[in-house]
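Worksheet: one structure, shown below.
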Amino acid sequence: MLSVLIPVKDWNPFGLADALADQLARCGHPFEILISDDSPLSESSPLAKLAADRAGITYFCRDNPLGRSANRNFLAKHARYPYLLFIDGDAGVANEDFIRNYLNNLVPNAVLCGGTLYDPQRPENPDHLLRWKYGIEREQCEAGKRMLKPWKSFSTFNFLIPAEIFHMIRFEESIQGYGHEDTLFGIHLHQSGISIIHLDNGLIHLGLEPACHYLDKIRESGENLHRLYTCKLLPEQYIGDINLLLTWKRLKTFGITGLLSVWFTVRRKSIERRLCGPHPSILLLDLYKLGAISHFG
């Protein structure tokens, strides 16, 4: 009945997989758990040996990474059940009824999004503070609020989709690196008339990367968003709901993005020091994102 698909990179997903397998077994429905490791040289990883001892879990590894979008498409291609539950490998189970909550809310021809949670305790490692603070303030959100604009709140972190719908939409594999494959997927679902239903059935995001690595991802994400726009992969009617892109477009109209690009180039290192410090500002992070996307055009 249910294929649980776990894309992973540079993370041990077996604590998650074991917890999910226990819940799935209690529900009594046929299931499989497929893990696809997109880490470089994952074939030689000791994780491959861990998978061999676990019934119901299949572990795929490779020498050449596929990328975020292609890795998810790869998992869906190998799934055999009619419902696909995508969960990022660095998630943690928050409650013992996680699987049952999804099964109790299955709706034909609809996508279910469970949400993302963060540990309410400030991380002990100060290097993780920026990522944690952004998650708490911007990503952790109740289902009722996410339902105001369901496609806009779509996230790949934790969602269930009928296989038939997934194979009609799929992830855009031309999107390389980090960022906005979920934005485009949510738009395509909405364009296709597919209902997106948000639930309070979150998983905890455990994989808090160091602030400097997160800022690398922010710049990569800005480049992806700029390319999606300039290549006309984003339908015009949806741009107004992508806050960063809408602000950048307005500033570009007034010829300000060039100044922003110069500002970003000159001030980038000092801004990064503040964002990586003990009191990171999410408002400053927003300005950093705006400077990053302006840097690309």
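The values are calculated or read from the model by the stated rules, or taken from the named source; none is laboratory data. Because the structure is a prediction, the values reported are computed rather than measured. Note that we place each Cβ from the backbone using ideal geometry, even for glycine, and neighbour counts take in every protein chain shown.
Worth pointing out:
- Within segment 123-148, the set of residues being outside any helix (DSSP H, G or I) and of a type in the set (A, V, I, L, M) comprises M147, L148.
- Some residue of segment 68-86 being assigned to a loop (DSSP other than H, G, I, E, B), hydrophobic (A, V, I, L, M, F, W, C), closer than 15 Å to I35 by Cα and in contact with a strand residue (DSSP E or B) (Cβ under 8 Å, 6 or more places away or on another chain): yes
- Filtered by the rule that a residue be within 23 Å of the chain's Cα centre (by Cα) and touching a residue at least 60 places away in the same chain (Cβ under 8 Å), segment 273-295 gives L275, C276, P280, I282, L285, Y288, K289, A292, I293.
- Within segment 47-67, the set of residues being in a loop (DSSP other than H, G, I, E, B) and under 30 Å from N105 (Cβ atoms) comprises R54, A55, G56.
- Some residue of segment 149-163 being under 26 Å from V93 (Cα atoms), in a helix (DSSP H, G or I) and not hydroxyl-bearing (S, T, Y): yes
- Condition check for Y288 on (1) more than 30 Å from N125 (Cβ to Cβ); (2) out of contact with any Leu (no Cβ under 6 Å at 6 or more places or on another chain); (3) surrounded by 15 or more Cβ atoms within 10 Å (Cβ to Cβ): one failure, at (1).
- Note on segment 68-78: among residues that are out of contact with any Asp or Glu (no Cβ under 7 Å at 6 or more places or on another chain) and crowded, with 18+ Cβ neighbours inside 10 Å, the one that is nearest to F171 (Cα to Cα) is R72.
- Members of segment 87-96 that are within 22 Å of V107 (Cα to Cα) and part of a loop (DSSP other than H, G, I, E, B): N95, E96
- Just one of the numbered conditions (1) under 15 Å from I99 (Cα atoms); (2) at pLDDT below 95; (3) not β-branched (V, I, T) is not true of A48: (1).
- Condition check for L215: closer than 26 Å to L84 by Cα and either over 14 Å from the mean Cα position of the chain (by Cα) or modelled with pLDDT of 95 or more (or both): no
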